[in-house]
Amino acid sequence: MTNSDYLLKAAIKKVSEKLNEILVEKIEEATNIAQDAPEILKKEFDSLKESIIKEASRMEKAENIHENEPTNTFQKSKIKEAFNEIEVINKQIELFNKQLNNQI
């Protein structure tokens, strides 16, 4: 065998060893990730469940506020009607006072 044959065989051997080493490391990493995956998924699911419950609660509160708005609007309209009636009565009193002042 020539020197170039030895160099080629040595290069192939070292590249194969390096690839095997990298492959073993990546398999170990994948195994570790696979072992941690259920815990990671559980945490993510719990977080999602928590955010869903918070959003449902927020939506329920918003709906309750919205349901109470017609009552508030009804009360506001009644108050406006009362103020309008008071203004009409005040104007009538003013007219009555003017009439009384003119008669005196």
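Along Cα→Cβ, 7 Å out, is where each label goes; now give me the distance between the ones at Ser4 and Glu21 in nm to one decimal.
Between Ser4 and Glu21, the label points sit 2.8 nm apart.
Can you show me the helix-derived [θ] at 222 nm for the chain, built from DSSP H runs with n ≥ 4 at -39,500 (n - 2.57) apiece and divided by the number of residues, rounded to the nearest 500.
-37500 deg cm²/dmol
To the nearest 10 degrees, how steep is helix 3-103 against the longest Cα principal axis of the chain, on a 0 to 90 scale?
Once rounded, one gets 0 degrees.
Summarise the accessible area of the range 1-78 (1.4 Å probe, protein heavy atoms) by the percent that is carbon and sulfur.
Solvent-exposed carbon and sulfur of the range 1-78 make up 62 percent of the total.
Per residue, what volume in Å³ does the Cα convex hull of the chain take up? Write down the numbers at each step before the final one.
On the way: hull volume 18.8 nm³, N = 104.
Taking only Cα atoms, the chain has a hull volume of 180 Å³ per residue.
Rolling a 1.4 angstrom probe over the protein heavy atoms, how many square angstrom per residue are accessible across the chain?
Accessible surface, normalised per residue, equals 96 Å².
The values are calculated or read from the model by the stated rules, or taken from the named source; none is laboratory data. Keep in mind the model is a prediction, meaning the values are calculated, not measured. With ideal geometry, Cβ positions are generated from the backbone for all residues, glycine too; neighbour counts draw on all protein chains shown. Please note that ligands, DNA and RNA were not included when accessible areas were found on the heavy atoms of the full protein model with its side chains. Shrake-Rupley method; radii C 1.70, N 1.55, O 1.52, S 1.80 Å.
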